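Engineer: Mind having a look at this structure? Questions to follow.
Bear in mind that the values in this text are calculations on the coordinates, not laboratory data. Values in this document were obtained by computation on a predicted structure and should not be read as measured data. No Cβ is skipped: glycine too gets one built from the backbone with ideal geometry, and neighbour counts run over all protein chains shown.
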Amino acid sequence: MAMDWAPFIKALVASMVYCTIGIVIFAVSFFAINMLTPFSLRKEIEEDQNTSLAILIGSVILGLSIIIAAAVGG
């Protein structure tokens, strides 16, 4: 009983391409957010222990991820 691997390989390659595109878009978006803020996100969150900013940035990351997943997934 021979198995045809072509559909599996095609779906795997498509998934890898979409994953890469999503990660690149997410990285560019996060870099843009980091550059647009008038202060250092790293300093505020790590050194100054700004919990509210960490929650806000986490929410932005989740929102971006959901939007990118919807756009890439169709």
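Engineer: Just to confirm the number: angle between the C-alpha axis of helix 6-36 and the first principal axis of the chain, 0 to 90 degrees, nearest 10?
Structural biologist: 10 degrees
Engineer: Please list the non-local residues whose amide H lies under 5 Å from the amide H of residue 50, H modeled 1.01 Å from N, same-chain partners needing a gap of 5 or more.
Structural biologist: 45
Engineer: Of the chymotrypsin sites (Phe, Trp or Tyr not before Pro) in region 1-71, which ones lie in a loop per DSSP and count no more than 11 other C-beta atoms within 10 Å?
Structural biologist: 5, 39
Engineer: Suppose only helical runs count, i.e. DSSP H with n ≥ 4. What mean residue ellipticity at 222 nm does that imply for the chain under -39500 (n - 2.57) per run, divided by all residues and rounded to the nearest 500 deg cm²/dmol?
Structural biologist: -26000 deg cm²/dmol
Engineer: Which angle between 0 and 90 degrees, to the nearest 10, do you get for helix 51-73 versus the longest principal axis of the chain when only C-alpha atoms count?
Structural biologist: 20 degrees
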